[in-house]
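Structure record follows, encoded as structure tokens.
The values are calculated or read from the model by the stated rules, or taken from the named source; none is laboratory data. The model shown is predicted, which means the values in this text are computed figures rather than measured ones. Please note: Cβ atoms are built from the backbone with ideal geometry, for glycine as well, and neighbour counts cover all protein chains shown. The area values use the complete protein model at the heavy-atom level, side chains included, leaving out ligands, DNA and RNA. Shrake-Rupley method; radii C 1.70, N 1.55, O 1.52, S 1.80 Å.
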Amino acid sequence: MVRSQIWFAIGTLTLLFISSVFADDVVVLTEDNFEKEVGQDRGALVEFYAPWCGHCKRLAPEYEKLGASFKKAKSVLIGKVDCDDQKNLCSKYDVTGYPTIKWFPKGSLEPKKYEGARTAEALTEFVNTEAGTNVKIAAAPSHVVILSPSNFDDVVMDKSKHVLVEFYAPWCGHCKALASTYEKVATAFKLEKDVVIANLDADKYKDLAEKYGVSGFPTLKFFPKNNKDGEDYEGGRDLDDFVSFINEKCGTHRDAKGQLTSKAGIVESLETLVKEFVSATNDEKKAIFTRLEEEVGKLEGSSARYGKIYTKAAKSCMEKGADYAKNEIQRLERMLSKVINPTKADEFTLKKNILSMFS
């Protein structure tokens, strides 16, 4: 009983930590602090949401961008209310669908419903109009590595990295059309330490462009770990085309939003042993677990990291019983349904995928 209480407390603290990561720019509002923050000496835009709501999840990055933009505006508060957790508060303000966004003027708890587009730009324009502010949208950081002669070899020739390079010219219309998609590609793979999405101004650095046979713009070349001569990228120019190419060439498992797919973390060489383990009796599991540890010890690179999750999962299954994998998967899915740190989302997804092999 004591152990379960301790684990419950740890889980609660973990959730609070994760929530705090995303509460820096958007104020988390509850019944306890709502009237201390809203209706006071500043206007407030409040999103009433539910963690499971798909529209809310799509709004989340735009709303975070809004919060970051107004972070230093003392006359405006950007807040949010979890209606699953704060049912009475949401009922008080007649929230019947998610997300519902309302503006509370300075000194008032009588809100005005926001009916505009759910983009950071539209929300910023609305808040500026209502509050009399002149805030500009915070520029999103780029995840495309900018190359020049001074860093080209350090980045592209690094044999521990797979590197996709776009050779472009600033005046090129096709390059301008590709820019937004290329940034999304870089964002999708930003957490992959051995994948680099880069570009080079080939009009400015003509010698480098000529060295790699660039004669038109944009030209895309892929420099895998094992071939630093470069390979021409001849795939499509849509986001999904790039994502599929990188996943195939680099052994990654990302979707267009940068989230790990259900294949991430799965080590095929361990599949047979895991099947034996799952179907074995409790006494037989111990011997199979020893063999599993031996196989994991032979793995290298990212597979070695995933292998450690396999052994931890197998050990927990032996200690906590047959239902452990199923129950833990359900817990992880609840965590993943919330808006959480991308690194944590990767960690939970990898564990969930591997546990699915044991369920």
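Think of the chain as having a plus end and a minus end, set by charges on the Cβ of Lys, Arg, Asp and Glu; of Leu350, Val196, Tyr49, Tyr49 sits farthest toward the positive end of this dipole.
The alpha carbon centroids of region 33-96 and region 252-314 are separated by 41 Å. Candidates Phe223, Phe245, Ser279 compared by Cα position along the dipole of region 175-284: farthest toward the positive end lies Phe223, with charges placed on Cβ. Farthest toward the positive end of the dipole of the chain, out of Ile266, Tyr182, Cys317, is the Cα of Cys317, where the dipole comes from beta carbon charges about the Cα centre.
Unpaired cysteine residues in the chain (no second Cys Cβ under 4.7 Å): Cys250, Cys317. Measuring nothing but alpha carbons in region 32-105 and taking Rh as the Kirkwood radius, the Rg to Rh ratio lands at 0.95. Expressed as a whole percent, the accessible area of region 169-299 that falls on carbon and sulfur atoms is 46 (1.4 Å probe).
Shape of region 76-206 from the C-alpha gyration tensor: prolate (a/c of 1.5 or more and a/b above b/c, with a ≥ b ≥ c the square roots of its eigenvalues). Remark: C-alpha extents of region 87-148 on the principal axes read 57, 28, 18 Å, sorted largest to smallest. Along its first, second and third principal axes, ordered by size, region 185-270 spans 47, 25, 21 Å in Cα coordinates. Each residue, Asn151 and Thr343, gets one label point 7 Å from its Cα in the Cβ direction; the gap between the two is 2.0 nm. Each principal axis of the Cα cloud of the chain was evaluated for its coordinate range; sorted largest first, these ranges are 68, 64, 29 Å. Computed with a 1.4 Å probe over protein heavy atoms only, the accessible area of Arg331 comes to about 90 Å². Here region 323-359 is scanned for amide nitrogen atoms under 19 Å from the site 7 Å beyond the Cα of Lys308 along Cα-to-Cβ, giving 343-355. Taking a point 7 Å from the Cα of Ala322 along the Cα-to-Cβ direction, the residues of region 257-296 with backbone N closer than 13 Å to it are 278-283. Segment Thr96..Asp229, full-extension length gain: 42.0 nm, with 0.36 nm per residue of separation and the alpha-carbon distance subtracted. Across region 27-72, counting alpha-carbon atoms alone, Rg and Dmax equal 11.9, 33 Å. Working from label points 7 Å from Cα in the Cα-to-Cβ sense, the Lys72 to Asp41 distance is 2.1 nm.
Computed with a 1.4 Å probe over protein heavy atoms only, the accessible surface of the chain comes to 56 Å² per residue.
Taking amide H atoms as placed 1.01 Å from N in the peptide plane, the amide H of Val196 lies under 5 Å from those of His162, Val163, Leu164, each 5 or more residues away in sequence or on another chain. Summing Cβ point charges (Lys, Arg +1; Asp, Glu -1) relative to the Cα centre of the chain gives a dipole of roughly 680 debye.
Estimated from helices alone, the mean residue ellipticity of the chain at 222 nm is -14500 deg cm²/dmol (sum of -39500 (n - 2.57) over DSSP H runs with n ≥ 4, per residue).
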